[in-house]
Amino acid sequence: MELEVRRVREAFLSGRSRPLRFRLQQLEALRRMVQEREKDILAAIAADLCKSEFNVYSQEVITVLGEIDFMLENLPEWVTAKPVKKNVLTMLDEAYIQPQPLGVVLIIGAWNYPFVLTIQPLIGAIAAGNAVIIKPSELSENTAKILAKLLPQYLDQDLYIIINGGVEETTELLKQRFDHIFYTGNTAVGKIIMEAAAKHLTPVTLELGGKSPCYIDKDCDLDIVCRRITWGKYMNCGQTCIAPDYILCEASLQNQIVWKIKETVKEFYGENIKESPDYERIINLRHFKRILSLLEGQKIAFGGETDEATRYIAPTVLTDVDPKTKVMQEEIFGPILPIVPVKNVDEAINFINEREKPLALYVFSHNHKLIKRMIDETSSGGVTGNDVIMHFMLNSFPFGGVGSSGMGAYHGKHSFDTFSHQRPCLLKSLKREGANKLRYPPNSQSKVDWGKFFLLKRFNKEKLGLLLLTFLGIVAAVLVKAEYY
Amino acid sequence: MDPLEDTLRRLREAFHAGRTRPAEFRAAQLRGLGCFLQENKQLLHDALAQDLHKSAFESEVSEVAISQGEVTLALRNLRAWMKDERVPKNLATQLDSAFIRKEPFGLVLIIAPWNYPLNLTLVPLVGALAAGNCVVLKPSEISKNVEKILAEVLPRYLDQSCFAVVLGGPQETGQLLEHRFDYIFFTGSPRVGKIVMTAAAKHLTPVTLELGGKNPCYVDDNCDPQTVANRVAWFRYFNAGQTCVAPDYVLCSPEMQERLLPALQSTITRFYGDDPQSSPNLGRIINQKQFQRLRALLGCGRVAIGGQSDESDRYIAPTVLVDVQETEPVMQEEIFGPILPIVNVRSLDEAIEFINRREKPLALYAFSNSSQVVKRVLTQTSSGGFCGNDGFMHMTLASLPFGGVGASGMGRYHGKFSFDTFSHHRACLLRSPGMEKLNALRYPPQSPRRLRMLLVAMEARGCSCTLL
């Protein structure tokens, strides 16, 4: 393991990953890989999660290709130095921020969207000029294997490597020193990662999870609301970090919501959901059993059917859920949707604020003021109002958590920034040393006053211009006057 | 009942009640900070003189004025910084409202050091308050006199339901770190930085760590030695060398060293007189422990200039060491004192290689008439910040972020960067309930026809858009 990491570090130190052209080439190669080997990639993900071709495209491939294209288009601009506003003291100098690669980045992927959640950070790390070690999740075995097979065929084999393995290998890996660690997964492991990173003072980005609440107001079009929620909840069989985890609504709405979701499920997945190619399966037996245990003692409004042999759990809705029960204590990460009745939006806001800050928050209402209030009075990684999931899709948004749902963000330029060091640079000249006498000892009160002046006054071109104009005006007036005498 | 628990609970309740959110409240806190600085200037100057023998000039320029400048900048820009930031939309979100909301994290802990006890406490505090957080401040117990003012006088100027000062040494700080905060801002040594980050990991608390290292100062053969000596000496001996961004050691050729030494001597005499110990412009070492540590370093290499010390005064003369080996202690730890070792290199390549063999420093300096040389050092190394042909002037520009990389730290602040550091950037997408027909594309059941449509749409893209 140590040897592998050292090899990658040496590759980075050779400077190969820095030039813009190299980074663009690698990104283009990655794009080719996705297009040319799509069959293999689809097959792997399908084997892991029983996902249909369309779903792989729409949930994973589209985002990856979009991200690569976005980088290719914008990277040339992003790598350039950005000049900054100067003050009086630095008027004649060059002052700018220069992005630089960090070095060797470790990306630990997740199993629920095993392709995009590993490749999208990789795209950012490559774009920023780093070398990368990727540790795909061992739970999505087939995807891990295919990545290990394909990546070396398209990317530089010394700069970007895949290390596969389980908990033991990951623990060993975390003992090594990296320049940034990017982790997608759960809160408990997030803490372990940050603690390991602390030993080397390695900065981290942790994309974690939580229970993303979904508040449904009385004043909304319940048909549309339920369709959108159904789509977001049962996508990937509920195994989405930003899936609406549970619903908060007034008790009077429960029955309608149950009915409409039930109808929508039928529309989406047909009468025999098991046969639908668009409905996925639970990743493994351990999670299957975990999710099953959440149903104990609950009022199942519809759904609840399971089949252990295929790890199938039907889209399920629970009503009148008691907040103290197990299903409301952990992130569900499965196709079970509890409805917790609340009296009003005040109670909903309190309910949300009593809990850990979630990765996403959803609120459905025609009442714009209510939506604004929800946002103002709560906190979460991100928010989508009147829909679910969608804020993930806009890469001008930083995507990340807050509190126990994570730290740091990525997507688009935010990925580039996350994997770069934005280095402030000031370039002065050795001339005009005379001016520096003002700062050197021995000091005096006048020097103190001048010091304050230069530090506290802003360099304002307009004011200076105005001053100059005024001065010229006075000179002109004096000259004119002089003419007459 | 644990008084600390009470304090933290009180602050959290105030935060949840929303007290720190309105712009008026935050502006009032910032104005309070401004008043604190203006009304207690003499008190602060005296305290800084007692703690570090800081001259009025140094106190004004590097502590009071800098802090005041940040307060003013934050007041002027607060509302602009607080505004929701609109973001560019894609095809699918054209009709939606998409913005980034800057939210306070909640309860922020600021742990401050002793070398610039006012500046390095107040500047982060400005950011934390401007961003709408409640703050617990842990000033350094080592700069005792300033600590007293921060504990007893500062709170009078701020709303004490949202602000508290906690005092103590390493043990009390350790206890403090067991509690949960929503953000921790630490300035200090890398060793303690690791301890802080480890403690933060238990609660998944994000951190900014402003640490240190050995800041290299490359001096090219092509330069005027007197100018370089002036600049390097000023930044090295400022605050008796106790500056995280001070040039720590010089890298130059033996020939350059020959020209630099008399220039440095001339500068030091001009700055501090023939008897620097009697100069009011030279600081003192903060305490006995640091003094003893620095005095031991005087035995490394050979003393070319200075080398005197006085234990009763915690005075160390502005010193230059030569014939220094890389393995000696003076080249193994951050000096943080008025001692400047010169290490010889035979070429620019060797200097760059020397720098890159070591931990990434907080600052890096290169002196040369040739801008090519300066740029080469810049591009072939990494560091928190960089200044060509001068010392830490880059810190005076609030438009430049200030922070480390690698062992010298993570995160950044100053000016707007402070506000952003202490804010959670929350992505907000507000969709309209209408346009459901468009959404229908994303719903199951999917068909081969839909897949074809999707693929066609993807090919047709000129730029990147995610359609769904």
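Quickly work out the B:Gln292-to-A:Glu263 label distance, labels modelled 7 Å from Cα along the C-beta direction, and quote it in nm with one decimal.
Each label point is offset 7 Å from its Cα along the Cβ direction, giving 8.2 nm.
So for segment B:216-401, averaging the separation of alpha carbon pairs under 8 Å that are six or more residues apart and normalising by length, what relative contact order in percent results?
28 percent
Starting at 0 and stepping by 5 Å, how many percent of the alpha carbon pairs of segment A:239-327 end up in each bin?
Reading the bins upward from 0: 3, 12, 21, 25, 23, 12, 4, 0.
Would you mind computing, in nm to one decimal, how far apart the modelled labels at B:Glu353 and A:Ser429 are, each placed 7 Å from Cα along Cα→Cβ?
3.4 nm
When the label point is put 7 Å from the Cα of A:Val189 along its Cα-to-beta-carbon vector, which residues of segment A:86-124 have a backbone N closer than 18 Å?
A:106-122
Just to check I understand the Karplus step: with θ = phi - 60° and J = 6.51 cos²θ - 1.76 cosθ + 1.60, what whole-Hz values come out for segment B:66-80, glycine and proline as x?
For segment B:66-80, the Karplus-derived couplings read 4, 5, 4, x, 5, 4, 4, 4, 5, 4, 5, 9, 3, 5, 5 Hz, x marking Gly and Pro.
Which lysines have a Cα lying under 22 Å from the Cα of A:Lys149, excluding residues fewer than 8 positions away in the same chain?
By straight Cα distance, A:Lys149 reaches A:Lys39, A:Lys51, A:Lys135.
Just the number, please: Stokes-Einstein D of chain A in µm²/s, Kirkwood Rh from C-alpha pairs, 37 °C, 0.692 mPa s. Before the final figure, lay out each step's value.
Working: Rh = 25.6 Å.
D = 128 µm²/s.
Using only atoms on other chains, find how many Cβ atoms lie within 10 Å of each Cβ of peptide B:371-380 and report the average.
Taking all residues of B:371-380 together, the mean is 2.
Within chain A, which is the longest segment that contains none of the trypsin sites (Lys or Arg not before Pro) sitting in a DSSP loop with at most 12 other Cβ atoms within 10 Å?
Working: sites that count: A:Lys324, A:Lys343, A:Lys431, A:Arg432.
Answer from the scan: A:1-323.
Between B:Glu141 and A:Glu168, what FRET efficiency follows from the Cβ-Cβ distance if R0 is 56 Å, with the result rounded to 0.05?
0.80
Using the beta-carbon distance between B:Gln94 and A:Leu469 and R0 = 41 Å, what value does 1/(1 + (r/R0)^6) give for FRET efficiency, to the nearest 0.05? Before the final figure, lay out each step's value.
Working: r = 46 Å, r/R0 = 1.11.
Here the calculated transfer efficiency is 0.35.
Where does chain B land at 222 nm, in deg cm²/dmol rounded to the nearest 500, when only DSSP H runs of n ≥ 4 count, each adding -39500 (n - 2.57), divided by all residues?
Working: 17 runs with 192 residues, N = 468.
Here the helix-only value at 222 nm equals -12500 deg cm²/dmol.
How do the peptides B:182-190, A:105-113, A:66-74 rank, highest first, by the average count of neighbouring beta carbon atoms within 10 Å per residue?
Taking the mean over residues of other Cβ atoms within 10 Å, the ranking is A:105-113, B:182-190, A:66-74.
Using only DSSP helix segments of four residues or longer, with each worth -39500 (n - 2.57), what per-residue ellipticity at 222 nm results for chain A after dividing by its residue count and rounding to 500?
On the way: 17 runs with 208 residues, N = 485.
So the helix-based figure for chain A works out to -13500 deg cm²/dmol.
Please list, in order along segment B:373-381, the HN-Hα scalar couplings obtained from phi with the Karplus expression 6.51 cos²θ - 1.76 cosθ + 1.60 (θ = phi - 60°), rounded to whole Hz, x for Gly and Pro.
Running phi through 6.51 cos²θ - 1.76 cosθ + 1.60 with θ = phi - 60° gives 4, 4, 5, 5, 4, 4, 6, 9, 10 Hz.
Using Cα-Cα distances under 8 Å and only pairs 6 or more residues apart, what relative contact order does chain B have, in percent?
18 percent
Could you pull the accessible area for A:Asp376 with a 1.4 Å probe, rounded to 10 Å²?
50 Å²
Run the numbers for B:Asp323 and B:Gln308: contour at 0.36 nm per residue of separation, minus the present Cα-Cα distance, in nm.
Numbers: separation 15, 0.36 × 15 = 5.40 nm, distance 1.82 nm.
Between B:Asp323 and B:Gln308, full extension yields an extra 3.6 nm.
Given segment B:313-443, what percent of its DSSP beta bridges are antiparallel, to the nearest 5?
10 percent
Stretch A:Lys372-A:Asn284 to full length: gain in nm at 0.36 nm per residue minus the Cα-Cα span?
Fully extending the segment from A:Lys372 to A:Asn284 adds 27.7 nm.
Rg over Rh of segment B:298-351, using C-alpha atoms and the Kirkwood radius, what does it come to? Please report the intermediate quantities before stating the final value.
On the way: Rg = 12.4 Å, Rh = 12.0 Å.
Rg/Rh for segment B:298-351 comes to 1.03.
Tell me, what is a quarter of the convex hull surface for the C-alpha atoms of segment B:1-136, in nm² with one decimal?
Averaged projected area of segment B:1-136's Cα convex hull equals 11.3 nm².
Determine ³J(HN,Hα), in whole Hz, for all residues of segment A:318-330 in sequence, where each value follows from phi through the Karplus function 6.51 cos²θ - 1.76 cosθ + 1.60 and θ = phi - 60°; x replaces Gly and Pro.
Along segment A:318-330, the couplings run 10, 10, 6, 6, 7, x, 7, 7, 4, 4, 9, 9, 9 Hz.
For chain B, report the translational diffusion coefficient in µm²/s to the nearest whole number, using Stokes-Einstein at 37 °C, 0.692 mPa s, and a Kirkwood Rh over Cα pairs.
Details: Rh = 24.5 Å.
My calculation gives 134 µm²/s for D.
So for the protein assembly as shown, Kirkwood radius off the Cα pairs, Stokes-Einstein at 4 °C and 1.567 mPa s: how many µm² s⁻¹?
43 µm²/s
In nm, give the distance between the simple-model label positions of A:Lys299 and B:Asp2, each being 7 Å from the Cα along the Cα-to-Cβ direction.
4.0 nm
The values are calculated or read from the model by the stated rules, or taken from the named source; none is laboratory data. As the structure is a prediction and not an experimental result, all values here were calculated from the model. Glycine also receives a Cβ, built like all others from the backbone with ideal geometry; neighbour counts cover every protein chain displayed. Note: accessible area is taken over every heavy atom of the protein model, side chains too, but ligands, DNA and RNA are not part of it. Shrake-Rupley method; radii C 1.70, N 1.55, O 1.52, S 1.80 Å.
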